[in-house]
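What follows is a short report on a single structure.
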Amino acid sequence: MPILFCQTCGKDVFKSPSEVYKRTFCSRECKSTYFKGKPRKDKQKRVTLICHHCGKEYQVIQSKSQRSKYCSKECKEPGLITLICQYCGKEYYRNRYASKNSHYCSRKCQNASLVGRPSPQLAHRITLYCKFCKLPFQVSFSYADIKKYCSSQCRRKDNEGKTLVCKGCKREFHVTPSQFNRKYCSYDCFSTNSFIIKSSLEGILELSFPECIEYIGNGKFWITFSNGRKKCPDFVVKNKKGKYTKYVIEAHGDYWHAGEDEQELINLYAEVGYKCLVLWESEVKNDLPNVLTKIANFIGQPTWQLKLF
C-alpha cells in the first residue's frame, strides 16, 4: 500500500492505489485547515444579491436567487413578525403569511394544549352497549352497525371459542371463531351423515347394480366431444366382460348445476355415439325407488332384480 504525506501537517498517510492521485490529509481538521481562506469552487454559479434589510451585497447559488432576500439570520429576523405562544407564553417569529394561522411556537405546545379538550367529533357519536361486558361505549354513526365490542380485549374473550354439538354423532366439539358454522366434528361424520350426491350414488349403485356400473368421476376415463371439449362422466355402464359401454350417467347437484339444461349435455354425448342419463340431487334424495327404476330401464336390466332401500 503506497505511503503518502499529509498536505497540511506532513504526517505519513496510507492510501490505496486508487486514491493516490487525490489530495491527501491525515484527518478532517487538516483538510479544513488546508481549504480555509481559499476561494470556493462551486459546481453551480453564484449570483450577487442585495439584502432587503441591511442593503449589503451577498452571494447565493443560482437556484436560490429567486427566493433569497436576506444575507443572514440576523437580517431575516427583523423582517419576521413576533408572536406569543398561547400555551407557554414564549415569543417566536413567523413570516407575515404564516403568522395569520400560527398560535403555538412548536408542535409540542400545540399537542399539550389539546389534552383534555373535547373533540368536535364527539358531538356526532352514539352510545352502544358491549356484547361481552355490557358496558356502554361511544362510536360514530358510520360504525354503529359494525361495532359490537367496546375494546379488543372484550372481542378476544368473547371469541375464544365455542362448544358445538355434532349433527351426526351428537358429540360436543370445540371450535375457533372462524369455524362457528361447522356442523360436524370430523370429516368422517361429515362424509357419513351429510348428503353428497356422488358418494351416495356410488354406494347405492354398487348394491343395486353389482359389477354393472362403475364410478369414473375421478378422472379415470375422458370423452372428447365434437366441439373439442373434454368431459369425464360420473358413472359408466359395463358389459358382462367388464368393458366400458356407450352408456354413461351424470349426477348433477341442485346447487352446482342450477340453471343448466340437461338436454344440451345429452346431445353432446349423442354426437359422439354415447347415451347419457342425468340424475338430479333432489331426485335421488326424495324419490330413490323411481331413480333406480329409471337406471334399470336405461341399462336394460329387469326391475325385479333391484335391491330397493
Query raised in the report: Order of 291-300, 161-170 by packing, highest average Cβ count within 10 Å first?
Result: 291-300, 161-170
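Based on DSSP H runs of at least 4 residues, each adding -39500 (n - 2.57), what is the mean residue ellipticity at 222 nm of the chain after dividing by all its residues, to the nearest 500 deg cm²/dmol?
Details: 9 runs with 73 residues, N = 309.
Rounded to the nearest 500, the figure is -6500 deg cm²/dmol.
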Query raised in the report: For segment 163-177 and segment 139-155, what is the separation of their Cα centres, given in Å?
Result: 29
Report summary line: When D158, D254 are ranked with the fewest other C-beta atoms within 10 Å first, the list becomes D254, D158
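Please report the projected area of the chain's Cα convex hull averaged over all directions, in nm².
Working: hull surface 169.4 nm².
Quarter of the Cα hull surface area: 42.4 nm².
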Query raised in the report: Which of S142, F14, V291 sits farthest toward the positive end of the charge dipole of the chain, with +1 on the Cβ of Lys and Arg and -1 on the Cβ of Asp and Glu?
Result: F14
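Any read-out appearing in this document is the output of simple, stated calculations on the displayed coordinates, not a laboratory observation. Fair warning: this is a prediction, and the values are worked out from it, not measured in the lab. Note: ideal-geometry Cβ built from the backbone for every residue, glycine included; neighbour counts use all protein chains shown.
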